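What follows is a set of notes on a single structure, which appears directly below.
The values are calculated or read from the model by the stated rules, or taken from the named source; none is laboratory data. Note that this is a predicted model, so its numbers are computed, not measured. All Cβ positions, even for glycine, are placed from backbone atoms using ideal geometry, and neighbour counts span all protein chains on display.
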């Protein structure tokens, strides 16, 4: 999976901090990072470097074309270039994940950007730190998982994708709980042997102390938010019974 990072690097006070350099190589493996290239910026804003904006735009266009996922950081109220990048990625039908700092900062007036943000597969308003959000995005393995992850981010539920349980991996684990979420794909085309393996897998996960909430891919595709409401009901029962203490 190739990742493109979009977001403003000049702070409101005029200082410059390319937060991307803190992610690439630590959170995002360098071999999957497709751009933008921080070297085009040097150590100061592009606007102060003659010709660099044109070079950056060309590089950004190519990076978005080649990426599989665009992760956008809306960390400023005037990040209009980032919105253009989101729109261009949407036109190319790329997967788009958007993170913003959350309550108490400028995104409280995010409504003016809704015409762009509806293109995002996932929009996190600060449930996760930026690093946590990027790590989780890198674990998503299929379009239907992106769809459910996006709906999950609309609820006060933190989840870990591809959570390892023994020799298996659950599609999602609801953090601070024993609730695993599994999505079955192409259920009508499964063979008897595949169904047997799935049943054995679920028994082993449950023996490890986890409860499984299972959906078909069709259910998620039809109404991902309804699926998340069911997950949230299970989580509410879990916490009400004192299991979360």
Next on the checklist: Regarding the stretch 158-170, can at least one residue be identified that is surrounded by 14 or more Cβ atoms within 10 Å (Cβ to Cβ) and in a loop (DSSP other than H, G, I, E, B)?
Outcome noted: yes
Item to check | Given (1) in a helix (DSSP H, G or I); (2) modelled with pLDDT under 80; (3) out of contact with any strand residue (DSSP E or B) (no Cβ under 8 Å at 6 or more places or on another chain), index of the condition residue 22 fails | outcome: (2)
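Taking the condition of being at pLDDT 80 or above and surrounded by fewer than 18 Cβ atoms within 10 Å (Cβ to Cβ), how many residues in the stretch 25-67 meet it? Give the steps one after another, and end with the answer.
Here is the first cut: in the stretch 25-67, the ones at pLDDT 80 or above are 25-36, 60-67.
Applying the additional criterion that residues be surrounded by fewer than 18 Cβ atoms within 10 Å (Cβ to Cβ) yields 25-27, 29-32, 61-62, 65-66.
Residues flagged as at pLDDT 80 or above and surrounded by fewer than 18 Cβ atoms within 10 Å (Cβ to Cβ) within the stretch 25-67 amount to 11.
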